[in-house]
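Presented below is the structure to which this report refers.
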Protein chains: 2
Amino acid sequence: MRISQLSAASGVPIPTIKYYLREGLLPAGEQTAATRAEYGEPHLRRLRLIRALLEVGRLPVASIGQIIAAVEDEDTPVHEMLGTAHYALASPVDAGPDDREHQAALTRVDELIGDMGWSIAPEAPTRDELAQVLVRLDQLGMPAGDDGLRQYADLMMRLVSELEMHKIPFDGPRETAVESLVIGTVLYGRAFDVLRRLAQESESARILGGR
Amino acid sequence: MRISQLSAASGVPIPTIKYYLREGLLPAGEQTAATRAEYGEPHLRRLRLIRALLEVGRLPVASIGQIIAAVEDEDTPVHEMLGTAHYALASPVDAGPDDREHQAALTRVDELIGDMGWSIAPEAPTRDELAQVLVRLDQLGMPAGDDGLRQYADLMMRLVSELEMHKIPFDGPRETAVESLVIGTVLYGRAFDVLRRLAQESESARILGGR
DNA sequence: CGATCTGGATACCCTCACTATCCAGCCCGG
DNA sequence: CCGGGCTGGATAGTGAGGGTATCCAGATCG
């Protein structure tokens, strides 16, 4: 498959494919001559992954690059690779250790994590993300109570362990495991979000009697 | 409160506040002289809302503008206003009616909506968002089965109607209702997403025995 | 009465994700 | 065996989005 065919098959313009090659998101094709290279099925699959993470997951190209680098470095142990991929999915929070509100919220987050019996790395950026949301909810006068938070956490825990996690082939090839994890996290994450908004629309129509 | 105090209280730089004023996100202060205006508590609150939607919700400034315009137009009936706000939360999907895969997925979405007994406006962009996710999952070789989708939808429905919706003061002042809805949708939406990722990290640590 | 602040207008900047242009080398049909 | 069109690689440009910076004349505080 030459680049034009890869482009046609994936719907991604050639200049964009070249850009992804430059950024290291897509491995180079097999060189057959100085100005000729051959691409295959893995390239097409990779391209679809990139576009899904970009367009559905709204991940920055740089984060996608980190995920892909973790996948391709054979020396990284699997659980570490999953961590890298997972953390690249987080969106950065700019709150330093001098932000008192943030630190207080972080304490609540850690209490929640303890109560749930979760094993979360202390450097997980996810903790800061949750703390940020708690701070904003407080500031907006809709504070999240500890009880509600625990109910939600419980629900998510069951959802993840009962419906999602067992779909991931941890014992298969390493590349497959991360891809599944990332796709699961990002795409199912959006699916939930959309389903939640649909449920909200339907409920508010019911309550208000609006069409 | 003068602009510098508003800036100090909110943590938003003065030029940025001026930018929000220009964009119509923030109503002008009360003019007390040609070069003097007074801002109050509502301005601070509005500013916090804007920053929460921007930084946590990642909404474009233009969408925030639409939401605010809907709130401030007293002539719009409440259920319509809620719809406008809700649709501004959706992220645009570029798939025309000539995209066969998308149309097929849309049919599945409508079946789901029918089965759930939901009332969703036919022009809801949310339908396209869900269809897009289904298409991508198919392309990536991890298709979402109808059963799983229904399970998820069921879960979201219960979550929304039992835990969330009754917190919204539909009978209070119109502004409060939309604000609550929007804050609930965006901030709780992110809270779920983060809780889900925390649960995933914990589960994958457990399964892989990684620290 | 002068340093500082204010609202308003205009112009500028930075990041991000592309896109466009060039170039010389290659391949394929005639 | 030759010419048009594609190829990989390099470099430069673009457009949207979300701010920043600069100027200005009028207002106010100490």
Residue list for segment B:96-143, filter: acidic (Asp, Glu) and more than 8 Å from chain A (Cβ to nearest Cβ): B:Asp98, B:Asp99, B:Glu101, B:Asp110, B:Glu111, B:Asp115, B:Glu123, B:Asp128, B:Asp138
Residue tally, condition within 12 Å of DNA strand C (Cβ to nearest atom) and either within 14 Å of chain B (Cβ to nearest Cβ) or surrounded by fewer than 18 Cβ atoms within 10 Å (Cβ to Cβ) (or both), over segment A:11-29: 11
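So that you can scan it fast, the table gives a plain yes or no per residue for (1) in contact with a Phe, Trp or Tyr (Cβ under 9 Å, 6 or more places away or on another chain); (2) part of a helix (DSSP H, G or I):
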residue	(1), (2)
A:Met1	yes, no
A:Ser4	no, yes
A:Ala9	no, yes
A:Thr16	no, yes
A:Tyr19	no, yes
A:Leu26	yes, no
A:Ala37	no, no
A:Leu47	yes, yes
A:Ile50	yes, yes
Some residue of segment B:25-35 being within 30 Å of B:Arg136 (Cα to Cα) and within 13 Å of DNA strand D (Cβ to nearest atom): no
Number of the exception - B:Leu21 against (1) near DNA strand D (Cβ under 10 Å from one of its atoms); (2) aliphatic (A, V, I, L, M); (3) over 14 Å from the mean Cα position of the chain (by Cα): (1)
Only one of B:Val78, B:Val61 that is within 14 Å of DNA strand C (Cβ to nearest atom) and assigned by TED's automatic domain parsing to the domain that holds B:Thr185: B:Val61
Cross-chain or 6+ apart pairs with Cβ under 6 Å, segment A:173-202 first and within 7 Å of chain B (Cβ to nearest Cβ), then of a type in the set (S, T, N, Q): A:Val194/B:Thr126; A:Arg197/B:Thr126; A:Leu198/B:Thr126; A:Ser202/B:Ser119
Residue count, segment B:96-115 (criterion: surrounded by fewer than 16 Cβ atoms within 10 Å (Cβ to Cβ) and in a loop (DSSP other than H, G, I, E, B)): 3
Looking only at segment B:121-177, and only at residues there that are among the basic types (Lys, Arg) and under 20 Å from B:Glu80 (Cα atoms), the one that is modelled with the lowest pLDDT: B:Arg174
Residue under evaluation B:Leu59, criteria (1) in a loop (DSSP other than H, G, I, E, B); (2) without any contact (Cβ under 8 Å) to a residue 40 or more places away in the chain, criterion not met: (2)
Among (1) closer than 19 Å to A:Ser4 by Cα; (2) surrounded by 14 or more Cβ atoms within 10 Å (Cβ to Cβ) - the single one A:Ser63 does not satisfy: (1)
Tally of residues being under 17 Å from B:Glu72 (Cα atoms) and either crowded, with 20+ Cβ neighbours inside 10 Å or in contact with a strand residue (DSSP E or B) (Cβ under 8 Å, 6 or more places away or on another chain) (or both) across segment B:167-207: 6
Within segment A:30-54, considering residues that are at pLDDT below 95 and near DNA strand C (Cβ under 8 Å from one of its atoms), the one nearest to A:Ala191 (Cα to Cα): A:Arg36
So B:Ser7, is it small (Gly, Ala, Ser), within 11 Å of DNA strand D (Cβ to nearest atom) and touching a Leu at 6+ places or on another chain (Cβ under 8 Å): no
Filter result (within 7 Å of DNA strand C (Cβ to nearest atom) and among the small types (Gly, Ala, Ser)) within segment B:1-10: B:Ser4
Members of segment B:121-146 that are among the charged types (D, E, K, R) and either in contact (Cβ under 8 Å) with a residue 24 or more places away in the chain or within 11 Å of A:Val194 (Cα to Cα) (or both): B:Arg127, B:Asp128, B:Glu129, B:Asp138, B:Asp146
Failed item in (1) under 26 Å from A:Arg174 (Cβ atoms); (2) part of a helix (DSSP H, G or I); (3) at pLDDT below 95, with A:Asp75 passing the rest: (2)
Single unsatisfied condition, B:Pro42 versus (1) more than 30 Å from B:Pro92 (Cβ to Cβ); (2) within 13 Å of another protein chain (Cβ to nearest Cβ); (3) in a loop (DSSP other than H, G, I, E, B): (3)
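The values are calculated or read from the model by the stated rules, or taken from the named source; none is laboratory data. What you see is a predicted model; the values in this text were computed from it and never measured. So basically every Cβ, Gly included, is an ideal-geometry build from the backbone, and we count neighbours across all protein chains shown.
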